[in-house]
1. With respect to Asp453, is the statement that it is touching a residue at least 40 places away in the same chain (Cβ under 8 Å) and out of contact with any helix residue (DSSP H, G or I) (no Cβ under 6 Å at 6 or more places or on another chain) true?
2. So is Pro375 farther than 20 Å from Tyr101 by Cβ and surrounded by 18 or more Cβ atoms within 10 Å (Cβ to Cβ) or not?
3. How many residues does segment 575-600 contain that are touching a helix residue (DSSP H, G or I) at 6+ places or on another chain (Cβ under 8 Å) and not hydroxyl-bearing (Ser, Thr, Tyr)?
4. Consider Asp643 against the criteria (1) part of a helix (DSSP H, G or I); (2) charged (D, E, K, R); (3) modelled with pLDDT of 70 or more: it satisfies all of them except one. Which criterion is unmet?
5. Would you check if Thr314 is at pLDDT 95 or above, within 20 Å of Thr435 (Cα to Cα) and surrounded by 22 or more Cβ atoms within 10 Å (Cβ to Cβ)?
6. For segment 49-98, name all the residues that are part of a helix (DSSP H, G or I) and acidic (Asp, Glu).
7. For segment 424-447, which residues satisfy the criterion of being farther than 15 Å from Ala507 by Cβ and not in a loop (DSSP other than H, G, I, E, B)?
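The values are calculated or read from the model by the stated rules, or taken from the named source; none is laboratory data. All values reported here derive from a predicted model rather than from experimental measurement. Here Cβ is always computed from backbone atoms with ideal geometry, including for glycine, and neighbour counts include all displayed protein chains.
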Amino acid sequence: MTKGDNSSTIEALFDENRRFSPSEEFKAQANVASPAIYEQGGDVESYWRTHASRVTWKTPFTKVLDWSEAPFAKWYVDGKLNITESALDIHAQATPNKVAYYFEGEHGDTKTITYLDLYKEVCKLANALSDLGVRKGDRVAIYMGMVPEFPVALLACARLGAPHSVVFGGFSSDSLRNRINDASAKVLITCDESWRNGGRVALKELADVALSESPSIEHVVVVQRTGAPVNMVEGRDYYYHDLVVNASDERVAEEMDAEDPLFILYTSGTTAKPKGIVHTTGGYAVGVATTHSMVFDIKDGDIYWCTADVGWVTGHSYVVYGPLINGVTSVLYEGVPHFPDKDRYWEIIEKYKITQLYTAPTSIRTFMKWGTEYPSKHDLTSLRVIGTVGEPINPEAWMWYNEFIGNNRCPIVDTWWQTETGHIMISPLPGVTTTKPGSATVPLPGINVDVVDDDGNSVPNGSGGYLIVTQPWPGMARTIFNDPERFKDVYWSKFSKPEENKWVYFAGDGAKRDLDGYIWLLGRVDDVMNVSGHRISTLEVESALVDHQAVAEAAVVGRNDATTGQAIAAFVTLKGGVQGDDKLIAELRDHVATKIGKIARPASIVFTDELPKTRSGKIMRRLLRDISEQRQLGDVTTLANEDVVHEIAARAKASQSANSAE
């Protein structure tokens, strides 16, 4: 990599000498215990043909992969299926009384949902949505808290062949409106309110603001979670229970082509407009089922818990579709880790005797801060595999997780993947892989990745560069909704050579490959920040800041944060005559929360008369990162206004504590 890129995106990684091999006891019972699985994965098409048997096909596919129109892949060509038959029908028939979900409400209310219960509820909602005019191909927006109706909503849409577009319940009205309008969604499913950290989130009220500028929405379905009175527009809005109470609990699943869209999920990008990532049905189903089973060593009788919100891709893949296709029992938790106290997660693990825990490094670092007294109060011996997702985990957090949650006996599966990849790409196999604290280790069988330099050449072991994927994989995104050229430009342009028919997916992450060939993720190399596992575009935050009447210009960068992975640091130039003070800082942070969502509020704001720019007018965010990290400034020779950098650095240092995040 170039010197400039290295200073801004790739940090030197210390050598990690600790090794953890699977125990003989674990290997003896593991689903995969032989390294030969990696040799099998070397023939990508043969490998993924074998694993296609994990799902139920209405019509067998004729070809595994069609890559003739790269980078637009087709997997399981001409195969017909409906993903809900794999997730529901076969289990409702074979094991109707097996628990699909144990629901744990934030305030202690619980519900046990069997596979037969889930099948019937999905069919009821599918019939109700059909009565509202939802047809195959129609988009349905979903904006909910973590209640049982959330996975039901996804599955009901899939049953009908109507792609769902889930918007995280922490996003603002503006974010919801933009996603509804981009997808031209026909129906919105939401809640009156959701419980969060002991308080209420007024989802329907927020949705109504969005709907005032969302003309494509014809109907709104409202789940009553708290029972709060909400505005219901006659002829448009319906309560969920009124729609499903008399609906039939049988519904024939719509036959879908393997390449028909299953869902759209919006993710931030380096432009202000979010990207609608489109995932299709057949390849995604095979990918999530295979990786879920192998990475978590899923067994009959397991009680599995992924703590992610269904609003994110982790929730789609490893709370809903993967676990249900594999017929596992999952826990669905509504709330936060510290309500009513900081041992809530450990209480849940003990209560349900959870065998697999899949959570975020941000959470683990927070648990570390709280101390070992909280997990030590509970029996965690039911755990068999523990995993991480959302961002790289630092070695110290890995070791804490291993000792105090895994009791030095549970393999840790540190996973790397993205909204765009659909399923896990790099991860240990718990019965095979020797792990290193902080490393995602090696690609899964059937997945091919590399670390390359600026010219796309593979770097030697012990070097850093850009993480790429060199061959297609089943769960890969097929396009950006209504914008295939943007899909090619964002993900497939940097290292691909179309004239040679060589197409390479650029993940946007920096990585190091150590001397043993293990992959270490080193963070984003573009202008997307990773805050508590949430990818947030710098430009989206900048746009929200400039939207404020006092702001003339803004630049935003991510800086390292011990708890959240990255924190948002903003540098703001005010309009003439406007005085910057603590009151305005608070106002700007709230403004961003209103425009985008609370997770996007800057952790710090520094007012500056100018921003550092090149002679061509480009803001030098690399230098702002240096300032935010309080490290030596990089090359300033290309700046048109070199003196301003030192002035900003002095102001940032002076205001660091005053402008810290809540």
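1. Values: touching a residue at least 40 places away in the same chain (Cβ under 8 Å): yes; out of contact with any helix residue (DSSP H, G or I) (no Cβ under 6 Å at 6 or more places or on another chain): yes.
It is true that Asp453 is touching a residue at least 40 places away in the same chain (Cβ under 8 Å) and out of contact with any helix residue (DSSP H, G or I) (no Cβ under 6 Å at 6 or more places or on another chain).
2. Numbers: farther than 20 Å from Tyr101 by Cβ: yes; surrounded by 18 or more Cβ atoms within 10 Å (Cβ to Cβ): yes.
So Pro375 fits the description; yes.
3. Narrowing segment 575-600 to residues touching a helix residue (DSSP H, G or I) at 6+ places or on another chain (Cβ under 8 Å): 578, 588, 591-597, 600.
Keeping just the survivors that are not hydroxyl-bearing (Ser, Thr, Tyr) gives 578, 588, 591-593, 595-597, 600.
Here the count works out to 9.
4. The number of the failed condition is (3).
5. no
6. First pass over segment 49-98, keeping only residues part of a helix (DSSP H, G or I): 49-54, 83-94.
Listed by number, the residues that qualify are Glu85, Asp89.
7. Across segment 424-447, the qualifying residues are Thr435, Thr441.
Rundown of residues vs (1) more than 30 Å from Trp492 (Cα to Cα); (2) at pLDDT 95 or above; (3) surrounded by fewer than 19 Cβ atoms within 10 Å (Cβ to Cβ); (4) not assigned by TED's automatic domain parsing to the domain that holds Asp260, yes/no style:
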| residue | (1), (2), (3), (4) |
| --- | --- |
| Asp78 | no, yes, yes, no |
| Ala87 | yes, yes, no, no |
| Thr95 | yes, yes, yes, no |
| Gly105 | yes, yes, yes, no |
| Tyr115 | yes, yes, no, no |
| Asp131 | yes, yes, yes, no |
